[in-house]
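Novice: Input: one structure, supplied below.
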Amino acid sequence: MEPWTKPAYEWHLEEFMRKHRGKVRMNTPCAELEPAEWETLQKAIRLFFADVETKKYKVHVRVFLSRYRGYTQCPACSGSRLREEALNVRAGGRTIAEVVRLNIAQAYEFFDSLSLEPEQAAVAGKLLVEIRQRLKFLNDVGLEYLTLDRLSSTLSGGEAQRIQLATCLGSRLVGATYVLDEPSIGLHSRDTARLIGILEELRDLGNTILVVEHDADVMRSADHIVDIGPGAGELGGQVIFQGPLAQMLNGKRDGSLTARYLRGELRASLKTERRKTSPRKKLVFHGCRVHNLKGIDVEIPLGVMTAVTGVSGSGKSTLVHDVIYHTLASRYRRDLSKAREPEAEEAGAGATERRTCARVTGAELIRDLVLVDQSPIGRTPRSNPVTYTKAFDPIRELFASTPDADRRGYTAGHFSFNIAGGRCETCQGDGTVTVEMQFLADVELVCEECKGTRYKQSILDIRYHGLNIHEVLQLTIREALSFFAGQNKIVSRLKPLAEVGLGYLRLGQSATTLSGGEAQRVKLASYLTQSSSQGVLYIFDEPTTGLHFDDIAKLLDAFDRLINNGASVLVIEHNLEVIRHADWLIDLGPEGGDGGGEIVVAGTPEQVAACARSHTGRFLRNLRQV
């Protein structure tokens, strides 16, 4: 009890120990207390804060209370949300609160074995059939580990999509068209097989299933494939192939890059040797205990690529985000998502950090911590890849150094659309004007003053090699590398964008139009421009989301460059090519939910493939035979 360690409240600890000696083990962590012991401690805590609140007219007491306020279980209903009268009704010996605390597999077993009296069956017989059917569909799509009372806000995108699939299957519609955008996101290879079974069942009912997908297993299960390409951006937009899979695999000269990967002519990972791990260079998180993690000790070797694997719901995101990331971030007093308000920090406000592991060793080996996710790189039209990677600074300096700009007294600031000077003041450098509609959604129109160029006409008169600043921003990254050949400061910042597969993006393309995968690769490219990444730990959460096989190959090359530059890379991943490429694997499971939260095996991909208990190992063995 952290509050009882304060000098003013130490007497509460002494009183608790005196009153409850023999009832509560005083030298045992809270997580290991028996339910009765934990209830006794909670009651004492509530009484303590009730006593403190009687003095909250004092400023320092209100500040003290603010440090420990948060959401907790309601003591009156024990989290059931229902009154006592509703909890007196039972079915099969259980209340509704007890039933919704079951996971889907347990609930399905409960309702499947539930028998009703004849008069009860006349009233609830059809309801029981519907409940069993819906629970069966949820169980079939691999969500057996979710509890019925799980908040929808805590579900991953893949879990939410599978719940919608189960709902569609339960509706038993015929003649409908289902459009799915990468339904395999967040799914382990074992769960992908279940997903394919569900899609085939929907198809067999008489429905049409249209899927946008990069997963090889889903492609191989499709009846008809439409391959778009041949490249990305302006190099794409053509139908390269359409027809059954067998025809695609036999078409040796159809120009389909996808077919070459499916045939095995190309591989995303060609790695044959593993980087050796050092026992002196590793992070160790002892006693990781949050959500379904069962007090595990996790070792992360540094200077290599480590992948956290396991079936959906096994605890991967909990381990990486809630334990590793937040433990390291709080250790260095860094909040990497948003800065704390100075006033709040001075007042001591803010909740106390929840400890998700007993201790961590080796953290002094980490100089910096970077979480590279798929959040947008900017939320305004003025944010774009060239500003994010700092390539716009030398481009503006280059325009300011031209003879015409020098004669007019223009500086690099005049070529920025973020500050006043050379930008169009009508649209504030956005290129568009937002028209607010009183009863409809706002409408964005091209600025009539600058015609979407973002700059004043006098700025657009300045040209470098025949192009003005607006025309330069309309170049693709691939075109810009040729245009600025010889300008090393610019090329060095743009080249990593092309290397991670974003050569088709335009320099000035608005960040609001980038997909999550594109935004993540823009961030990755910005880190590749750094001269040294020594001591930096990069964390990626499913970086292959939305990526083609060829893009994954480029992504893995970028990871290798970061590691060769002195960094350590930690990824959560289901893609088998990325898993095989890793130097070290931490496989969680063996199942999801309560059946997970343990380390099944940790080691090289070869060691994981040899583990009979690991689902990941089973699919790795099959991959090695391909």
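Read-outs throughout are calculated quantities, based only on the coordinates presented, and are distinct from any laboratory measurement. A quick note: this is a predicted structure, and the numbers were derived from the prediction, not measured. Cβ coordinates were reconstructed from backbone atoms using ideal geometry, including for glycine residues, and neighbour counts include every protein chain displayed.
Novice: Please label the shape of the stretch 73-177 as rounded, prolate or oblate, based on the square roots a ≥ b ≥ c of the eigenvalues of the alpha-carbon gyration tensor (a/c under 1.5 means rounded; beyond that, a/b larger than b/c means prolate, else oblate). Spell out each step's value before the answer.
Specialist: Numbers: a/c = 2.27, a/b = 1.21, b/c = 1.88.
Oblate, since a/c reaches 1.5 and b/c is not below a/b.
Novice: Between residue 114 and residue 297, what length in nm is gained on full extension when 0.36 nm per residue of separation is reduced by their alpha carbon distance?
Specialist: Details: separation 183, 0.36 × 183 = 65.88 nm, distance 4.07 nm.
The span from residue 114 to residue 297 would gain 61.8 nm if fully extended.
Novice: In Å³ and rounded to a whole number, note down the convex hull volume per residue for the Cα atoms of the chain. Working shown, then result.
Specialist: Details: hull volume 152.0 nm³, N = 626.
Per-residue hull volume (Cα only) is 243 Å³.
Novice: With +1 on the Cβ of every Lys and Arg and -1 on the Cβ of every Asp and Glu, and nothing else charged, how large is the dipole of the stretch 473-599 about its Cα centre, in debye rounded to the nearest 20?
Specialist: Values: 10 positive and 16 negative charges, 216 e Å.
Dipole about the Cα centre, nearest 20: 1040 debye.
Novice: In debye, nearest 20: dipole of the stretch 29-76 around its Cα centre with unit charges on the Cβ of K, R (+) and D, E (-)?
Specialist: The calculated dipole for the stretch 29-76 is roughly 560 debye.
Novice: Ok, one more. Can you return the lysines within cross-link range of residue 55? Criterion is Cα-Cα under 18 Å, with same-chain partners fewer than 8 residues away left out.
Specialist: The qualifying lysines are 6.
Novice: Taking +1 at the Cβ of each Lys and Arg and -1 at the Cβ of each Asp and Glu, which of 115, 329, 314 sits farthest along the dipole of the chain towards its positive end, judged by Cα position relative to the Cα centre?
Specialist: 329
Novice: Once the piece of chain linking residue 451 and residue 621 is laid out straight, how much longer is it, given 0.36 nm per residue of separation minus the C-alpha distance between them?
Specialist: Details: separation 170, 0.36 × 170 = 61.20 nm, distance 5.80 nm.
Stretched out fully, the residue 451 to residue 621 stretch lengthens by 55.4 nm.
Novice: Can you tell me which aspartates and glutamates have their Cα less than 17 Å from the Cα of residue 43? Leave out same-chain residues fewer than eight positions away.
Specialist: 2, 14, 15, 34, 51, 53
Novice: Could you state the number of Å between the C-alpha centres of the stretch 78-129 and the stretch 227-289?
Specialist: Measuring centre to centre over Cα atoms gives 48 Å.
Novice: Quick one: 3J(HN,Hα) in Hz for the stretch 468-474, Karplus 6.51/-1.76/1.60 with θ = phi - 60°, rounded, Gly and Pro as x.
Specialist: For the stretch 468-474, the Karplus-derived couplings read 8, 5, 5, 5, 5, 5, 8 Hz, x marking Gly and Pro.
Novice: Quick one: of 276/390; 136/554; 271/495, which pairs are farther than 30 Å apart, Cα to Cα? Each step should come with its number before you reach the end.
Specialist: Values: 276/390 35 Å; 136/554 41 Å; 271/495 24 Å.
In this structure, 276/390; 136/554 lie more than 30 Å apart at Cα.
Novice: Then there's this: Between residue 485 and residue 419, what is the spin-label point distance in nm, taking each point 7 Å from the Cα along the Cα→C-beta axis?
Specialist: 3.4 nm
Novice: Using only Cα atoms, what is the ratio of the radius of gyration of the stretch 165-290 to 2.2 N^0.38 Å? Intermediate results must be reported in sequence, preceding the final value.
Specialist: Working: Rg = 19.8 Å, N = 126, 2.2 N^0.38 = 13.8 Å.
In units of the globular-protein estimate, the stretch 165-290 measures up at 1.43.
Novice: Another question, then. How large is ³J(HN,Hα), in whole Hz, for each residue of the stretch 376-391 in order, when computed from phi with the Karplus curve 6.51 cos²θ - 1.76 cosθ + 1.60 and θ = phi - 60°, using x for Gly and Pro?
Specialist: Each residue's phi maps through the Karplus curve to give x, 7, x, 10, 10, x, 7, 7, 7, x, 6, 7, 5, 8, 6, 7 Hz.
Novice: Viscosity 1.567 mPa s, temperature 4 °C: Stokes-Einstein D of the stretch 396-445 from its Kirkwood Cα radius, in µm² per second?
Specialist: Numbers: Rh = 12.7 Å.
For these conditions, the coefficient is 102 µm²/s.
Novice: Express the relative contact order of the stretch 139-231 as a whole percentage, based on alpha carbon pairs under 8 Å and six or more residues apart in sequence.
Specialist: Numbers: 80 pairs, mean separation 29.3, N = 93.
Reported relative contact order: 32 percent.
Novice: Would you mind counting up the charge near residue 565? Only other residues with Cβ under 14 Å from its Cβ, with Lys and Arg at +1 and Asp and Glu at -1. Could the numbers behind the result be given before it?
Specialist: On the way: positive: 275, 367, 561; negative: 368, 499, 557, 560.
Overall, the nearby charge balance is -1.
Novice: Turning to a different aspect of this structure: What is the gain in length, in nm to one decimal, between residue 150 and residue 284 on full extension, counting 0.36 nm per residue of separation less the C-alpha to C-alpha distance? Show your work: numbers first, answer last.
Specialist: Values: separation 134, 0.36 × 134 = 48.24 nm, distance 3.08 nm.
Gain on stretching residue 150 to residue 284: 45.2 nm.
Novice: May I ask which residue of 26, 602, 508 lies farthest towards the positive end of the charge dipole of the chain, with charges of +1 (Lys, Arg) and -1 (Asp, Glu) on Cβ and the Cα centre as origin?
Specialist: Final value for the positive-end residue is 26.
Novice: So which trypsin sites (Lys or Arg not before Pro) in the stretch 213-268 are both in a DSSP loop and have at most 11 other Cβ atoms within 10 Å of their Cβ?
Specialist: Numbers: sites: 220, 252, 253, 260, 263, 267; in loops: 252, 253, 267.
Qualifying residues, ordered by number: 252, 253.
Novice: Sticking with this one: Along the Cα→Cβ direction, 7 angstrom out, place labels at residue 62 and residue 9. What is the inter-label distance in nm?
Specialist: If labels sit at residue 62 and residue 9, their model points lie 1.8 nm apart.
Novice: Are there any helices in the chain, counted as whole DSSP H runs, that stretch 15 Å or more along their axis by Cα and score at least 0.0 on average by Kyte-Doolittle, and if so which? Write down the numbers at each step before the final one.
Specialist: Working: long enough: 10-20 (16 Å, -1.61); 35-53 (27 Å, -0.09); 118-140 (31 Å, -0.15); 157-171 (21 Å, 0.03); 189-204 (22 Å, -0.45); 488-499 (16 Å, -0.30); 516-528 (18 Å, -0.22); 549-564 (23 Å, 0.23); 615-625 (16 Å, -1.31).
Helices passing the filter in the chain: 157-171, 549-564.
Novice: Kindly write out, for the stretch 477-485 in residue order, the coupling ³J(HN,Hα) from the Karplus curve 6.51 cos²θ - 1.76 cosθ + 1.60 (θ = phi - 60°), rounded to whole Hz, with x marking Gly and Pro.
Specialist: 4, 5, 5, 5, 5, 6, 5, 9, 4
Novice: If you don't mind, another one. So what is the relative contact order for the stretch 149-301, in percent, with contacts set as C-alpha pairs under 8 Å and at least six apart?
Specialist: Working: 159 pairs, mean separation 19.7, N = 153.
That works out to 13 percent.
Novice: Nearest 20 debye, what's the magnitude of the dipole of the chain about its Cα centre given +1 on Lys and Arg Cβ and -1 on Asp and Glu Cβ?
Specialist: Numbers: 79 positive and 79 negative charges, 342 e Å.
Using Cβ point charges on Lys, Arg, Asp and Glu, the chain gives about 1640 debye.
Novice: Which order do the peptides 112-121, 79-88 come out in when sorted by mean C-beta neighbours inside 10 angstrom, highest first?
Specialist: Values: 112-121: 10.6, 79-88: 12.2.
Ranked from most to least packed, the peptides come out as 79-88, 112-121.
Novice: Can you list residues whose amide H is under 5 Å from residue 241's amide H, if they're 5+ apart or on another chain and H is modeled 1.01 Å from N?
Specialist: Answer set, sorted by chain and number: 227.
Novice: Name the residues whose placed amide hydrogens come within less than 5 Å of the amide hydrogen of residue 283, ignoring near sequence neighbours (fewer than 5 apart) on the same chain.
Specialist: 300, 302
Novice: Separation between the residue 212 and residue 265 pseudo-spin-labels, each 7 Å from Cα along Cα→Cβ, expressed in nm?
Specialist: If labels sit at residue 212 and residue 265, their model points lie 2.7 nm apart.
Novice: Now a separate question. What residues qualify as long-range amide H neighbours of residue 589, i.e. H under 5 Å apart, gap of 5 or more or another chain, H built at 1.01 Å from N?
Specialist: Here the answer is 597, 598, 600, since their amide H atoms fall under 5 Å of that of residue 589.
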